[in-house]
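**Q** Here it is: the structure, laid out below.
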């Protein structure tokens, strides 16, 4: 019986410590947030005005910019794959890409510290 309780508790704690990049930390219901992905920094969340996204009509310039960002992200995901990170080439910064990006930044930071030492 105590093994079953131990098993249930261990799964509960594992779920609490899992990283989820779909929701910002300490979010407030009713407010809108946007993921800000930078290639040289960790993922950031910014609070945005909800009204800006409700009835937004995309222009050709906006669509072209989105397509360029998607192509840039696909190239970055290909780079992460060549560095042996577990990433799918989707063109969007999904959870796998963000986790691999954070690991890549840690490795890169360690290399720069070694060079400076």
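Please treat every number below as a calculation from the coordinates, not as lab data. Please read these numbers as outputs of a predicted model, since none were measured by experiment. All Cβ positions, glycine included, derive from the backbone under ideal geometry; neighbour counts span all protein chains shown.
**Q** Hey, rough spin-label estimate for residue 39 and residue 113, points 7 angstrom out along Cα→Cβ, what's it come to in nanometres?
**A** Output for this residue pair reads 2.5 nm.
**Q** While we're looking at this one, here's another question. Would you mind giving the average projected area, over all directions, of the Cα convex hull of the stretch 21-116 in nm² with one decimal?
**A** 8.0
**Q** Hey, another quick one. Peptides 53-60, 104-111: what's the order by average Cβ count within 10 Å, highest mean first?
**A** 104-111, 53-60
**Q** Rank these for me by crowding, 43, 64, going from fewest to most other beta carbons within 10 Å.
**A** 64, 43
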